[in-house]
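Just below is one structure, and these are the notes that go with it.
A short reminder: the numbers here are calculations on the coordinates, not readings from a lab. None of these values were measured; they are calculated from a predicted model. Please note: Cβ atoms are built from the backbone with ideal geometry, for glycine as well, and neighbour counts cover all protein chains shown.
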Amino acid sequence: MRTSSPVVLCLAGAGERAARRIADHLDAEFHGRADRVTAPIIFEDFVQHTQDLFLAGRDIIGVCAAGALIRALAPLLGQKRTEPAVVAISPDGASVVPLLGGHRGANALAERIAELFDAKAAITTAGDTVFGVALDAPPEGWRLDNPQDAKAVMAAALAGGDIDLEGDAAWLAPLAQARADETGAAGPRQAVLTVAGAPKPLRYAEQRLALGLGAARGADPRAMTELVDEILRRANMPRAAIAAVFSIDLKADEAAINQAAAALNAPLRTFSAAELEEETPRVSDPSEVVFNEVGCHSVAEAAALRGAGPDSALLHPKIKAANCTAALAIATAPIRQPPGRARGRLALIGTGPGRLDQRTPEATRLAAEADELVGYGLYLDLLGPLAPAHKRRTDFKLGEEEARCRYALERAGEGLTVALVCSGDPSIYAMGALVMELIDRAPAQGGVSDAARRAELIISPGVSALQSASARAGALLGHDFCAISLSDLLTPWETIERRVAAAAEGDFVIAFYNPVSERRRWQLEKARDILLRSRSAETPVLIGRQIGRPQEQLHHVELGALKAADVDMLTVVLVGSSQSRAVQAGDRSAGADGWRLYTPRGYAKKLDALE
């Protein structure tokens, strides 16, 4: 998981000069410790900031002690093949140590930094130091078909096992003298590296193949997978030789095609019908039926040829099975930058209450991967280091909810990766429902374009205000509860009133969202009066304002004393049920004004019954 540019972290003024020099040399972001370093982006908590960047997949260059980075990141380590690069540099630039992700950029970063300071990079990865080759990181244009076996093969090689290399791969020459590939040079070059003592050989292939796929709407993904395996078998080609999967843009959201690309670990790129029609003179079997259906005479073959480039040729013509088609084309050189349009993606992410440590790792990752961030300005600000200056950011005001959702969807329809940022949880009183509504509407009724509908949609949950408030004060949501918005801007007050009365009748704990605004001041007290018809005036109420942010405030009041003057639009109000209790904690800093609020679920009665 790699993002656009690395981040240079500096903890003290002694390293500021070196950090600036590195950031300028690498065109990297420069982040500095507050009150110690002058930098464009400032952080207060080094551990939290570093972990947030790491979880976001950002390559990290720390001008600090290596031990500081190790201690900060140790709790997060575990996925070697997906972790970003981490490099430590001494404040004077004399020591450059790649700590993590050596074969995913750290070694290369260390070499560039060491050259800048006329120093030596302390590279310790076994393949580089012993053989001068990283077996699990072939050069661009090549792919290892079985990376899971690289560790065992390297271990056997380091133990002195005899090495045999068959095929044509000059970059593996430091390991062994290659034998010529007798299968012929017309196809992608391949290499098989065998080490005595290793259970399996490593199989490498040059990525010169373009796989073109077509499918009827709703085609069976399993049938497509079987078809891909069949065409590779007929062509006698390994999966690793496929550089990308190509199709027509109308099929950008087709499950069978997307799942096939994912199984191959290959990017999916699409072309318009007009672009594919230009390839008609090169296809083997142009079809009028296909032209009448989608506007071009071929999909699978035309897409494969277009993806492989103007000098490419069909390696295997189209084959068909169960509403699926597949074709293979071969390029004259490795396909390093696949042409065509990527499928766009809209990710709705929740910032949670606002604190970095209460945002989910998934939300952090999706924000980091986005080409563009969209949302209400305050919510975008809560992203902190995930909203750097180099990333496009589009702010919308309060009240522009439909405009921001429509914009985000259409940008995703253009092939971009977009993150629509919400506070709390995007599917709870946020933009999730509105995005779904815009997709559900027909274009003539104000819906979004067909291209926007084909974009991938991810809704990543966040920690909601009701969860945070309840947890801060104890466990007020310990039993059945509901949430009701008191805003009558979108819901008639008569409907809200019926819901409040029904919740009171059902004896639910109630979370009131949007309890007041500058112009709406009476609804909360009206709801209180409805509840007082069936609930005691002593019922505990939790008032939570700006939960999880530096301005957080928690207050405990009784239902009879609840007033609109006690809350604002940044507040969530949790009203207990008839069973909810408030107990003094003895510590004024604990819970809400020294009170712990909870709603028992009935475990004591269950235990009594069992006894």
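Some values worked out for this structure:
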read-out	value
Extreme residue, positive dipole direction of the chain, given options Ala266, Ala39, Ala367 (C-beta unit charges)	Ala39
The range 7-124: radius of gyration over Cα atoms, expressed as a fraction of 2.2 N^0.38 Å	0.95
Sorted largest first, extent of the chain alpha carbons per principal axis (Å)	88, 67, 58
Extension gain (nm, one decimal) between Ala159 and Ala444, 0.36 nm per residue minus Cα-Cα	95.7 nm
0 to 90° range, to nearest 10: angle between helix 523-532 axis and the chain longest Cα axis	60
Rounded to the nearest 20 debye, dipole of the range 279-374 from Cβ charges on Lys, Arg, Asp, Glu	240
Computed lengthening from Lys397 to Asp381, 0.36 nm per intervening residue step minus Cα-Cα distance	4.4 nm
Filter on Lys397/Lys526; Lys526/Lys563; Lys251/Lys320 - keep pairs with C-alpha separation over 21 Å	Lys397/Lys526
Cα convex hull of the range 257-309 - mean projected area over all directions, nm²	3.9
Cβ-Cβ FRET estimate between Ala34 and Arg234, R0 fixed at 60 Å, reported to 0.05	0.45
Distance in nm between pseudo-label sites at Arg222 and Val47 (7 Å out along the Cβ direction from Cα)	4.9
Assigned charges on the beta-carbon of Lys, Arg, Asp, Glu; the range 466-604 dipole about Cα centre (debye)	120
Burial ranking of peptide ranges 350-359, 499-508 (average Cβ count within 10 Å, highest at the top)	350-359, 499-508
Cα-based helix-to-principal-axis angle, 255-264 vs the chain, degrees rounded to 10	60
Convex hull volume per residue in cubic angstrom - Cα atoms of the range 411-557	153
Cα pair distances of the range 209-341 binned at 5 Å [whole percent]	2, 13, 25, 28, 21, 10, 2
Virtual paramagnetic centre 7 Å along Cα→Cβ of Asp285, amide N under 11 Å, in the range 191-228	none
Gap separating the Cα centres of the range 141-177 and the range 249-292, nearest whole Å	35
The range 291-411 - Kirkwood radius from inverse mean 1/r over Cα pairs (Å)	18.1
With Cα atoms, 0 to 90° folded angle of helix 221-235 axis to the chain main axis	20
Distance between the range 189-211 and the range 348-409 - C-alpha centres, whole angstrom	42
Shape call, the range 486-555: gyration tensor on alpha carbons, a/c limit 1.5	oblate
Cα pair distances of the range 513-554 binned at 5 Å [whole percent]	5, 18, 19, 23, 20, 11, 4, 0
Dipole in debye (nearest 20) - the chain, about Cα centre, beta carbon charges: Lys, Arg +1; Asp, Glu -1	920
